[in-house]
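Input: a single structure, listed below in structure tokens.
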Amino acid sequence: MKKLKIAAIGTEHRHIFGQLKGMLDIGCECVGWWNDGDNKITNDFKEKYPAIKRELNKENLLSNSEIDLVLIADIPSKRADLAIECMEAGKDVMLDKPGCTSLEQLNKIEQTVSKTKRIFSIDFSERFEVPSVQVAYDLIQKGEIGNVVQTIGMGPHRLNLPTRPEWFFDYEKYGGILCDIASHQIDQFLFFTGSSEAEIISSSKGNFAHPEFPKFEDFGEILIHGDKGRGYIRVDWYTPDALPNWGDGRLTIIGTEGYIELRKYVDVLGKEGTDHIYLVNKEKYEYINAASQPLTYFQRLKNDVINRTSSAMKQDHCLKVMNLAINAQLNAKKLGNLK
């Protein structure tokens, strides 16, 4: 199999490091990176990967015919235009979430994908970089909880206020909390229920703890129904300081014959480490440590780039997630300090 050559364009969010590590770990070669200006991320990038050349002009990467895949983690409102540039230059793209922040951007992405036949993929890290998610999916495929009826996705995050750039507090730039964080939970809802069609029944967004940032949303919730299941989503920026990581992310999957709970990043006052699964059905209730389960998204995406397949994530699924997330954001009821 050929050695895939990749580049990073737009390094404004730390998720670029997870995207890059995932591809480097499976043998890809990063031939260069670019960002418009300097920030804490670019400084860390230079320190972490001193051997990777920084290009002063992104055109040098866009015109490089050897580059197959471009990783993008720019300011969310800028990601769509960068992805379109890359696809029109003959590159496949893997973006940090959210992949875009408006329906207009999404429409342009869909048109570009149709025209260029390039791959537009979003690294939904709360699924693709979490081993317990694949284990839970396999359990469901074996019939351990019957037919999935509902998912309940919780996405709490730590604010780390002093480290955040200015754009982080402007929903016009980061897309809003439902477009941004909740895209993870929408992705998982579609994935676990197997729904091909879905609608946002209700959504809300609020600012309850940060009135000094009038364009920042620190709370959001969604009620979503699909043709094969229902879901509830809650996301926030309230992770307390005492928690040893950035958030107690959880997913509960309720079936007709049992349920599964994933405690992805921490089990408060319980088991040490990450990727805890609790399974309860008619015959057993048990704990499964899924931390050693290998990740598959990056290898599958590499194969897709080479073979022109869609094993990592169906293109329609990727675009549908962003359509639902953006519509949830646009139609959300405003709460708290939001005007």
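List of remarks:
- Listed by chain and number, the aspartates and glutamates placed with their C-alpha closer than 18 angstrom to that of LYS320 are ASP96, GLU104, GLU110, ASP123, GLU126, ASP180, ASP187, GLU197, GLU199, ASP227; residues fewer than eight positions away on the same chain are left out.
- Of the peptides 76-83, 204-211, 266-273, the order by per-residue mean of other Cβ atoms within 10 Å, starting with the highest, comes out as 76-83, 204-211, 266-273.
- 29 Å Cα-Cα threshold exceeded, pairs from LYS78/LYS339; LYS91/LYS333; LYS271/LYS314: LYS91/LYS333; LYS271/LYS314
- Kirkwood-type hydrodynamic radius, the stretch 76-180: 16.3 Å, calculated from all non-identical alpha-carbon pairs.
- When the chain is treated as a Gaussian network with alpha carbon springs shorter than 10 Å, the biggest mean-square fluctuation among GLY27, GLY231, GLY155 belongs to GLY27.
- Environment charge of ASP218, counting only residues whose C-beta is closer than 13 Å and scoring Lys/Arg +1, Asp/Glu -1: +1
- Among GLU217, GLU55, GLU129, residue whose mean-square fluctuation peaks in a GNM of the chain (springs only between Cα atoms under 10 Å): GLU55
- Cα centroid separation, the stretch 187-254 to the stretch 87-140: 19 Å.
- Here, the stretch 5-123 has an Rg and a Dmax of 13.2, 38 Å when only alpha carbons are counted.
- A simple rule links phi to the HN-Hα coupling: the Karplus curve 6.51 cos²θ - 1.76 cosθ + 1.60 with θ = phi - 60°, which for the stretch 288-298 gives 10, 8, 10, 4, 8, 5, x, 7, 10, 4, 5 Hz, with x for Gly and Pro.
- Hz values of 3J(HN,Hα) by residue in the stretch 266-277 - Karplus curve (6.51, -1.76, 1.60), Gly and Pro given as x: 6, 10, 4, 6, x, 5, 7, x, 10, 6, 9, 10
- Mean residue ellipticity at 222 nm, helices only, the chain: -9500 deg cm²/dmol; runs of at least 4 DSSP H residues each add -39,500 (n - 2.57), and the sum is divided by the number of residues.
- Net charge, ILE306 excluded, C-beta distance under 13 Å - Lys, Arg +1, Asp, Glu -1: +3
Where a number appears in this text, it was derived from the coordinates with a stated rule and is not lab data. Model, not experiment: these values are computed from the prediction. So basically every Cβ, Gly included, is an ideal-geometry build from the backbone, and we count neighbours across all protein chains shown.
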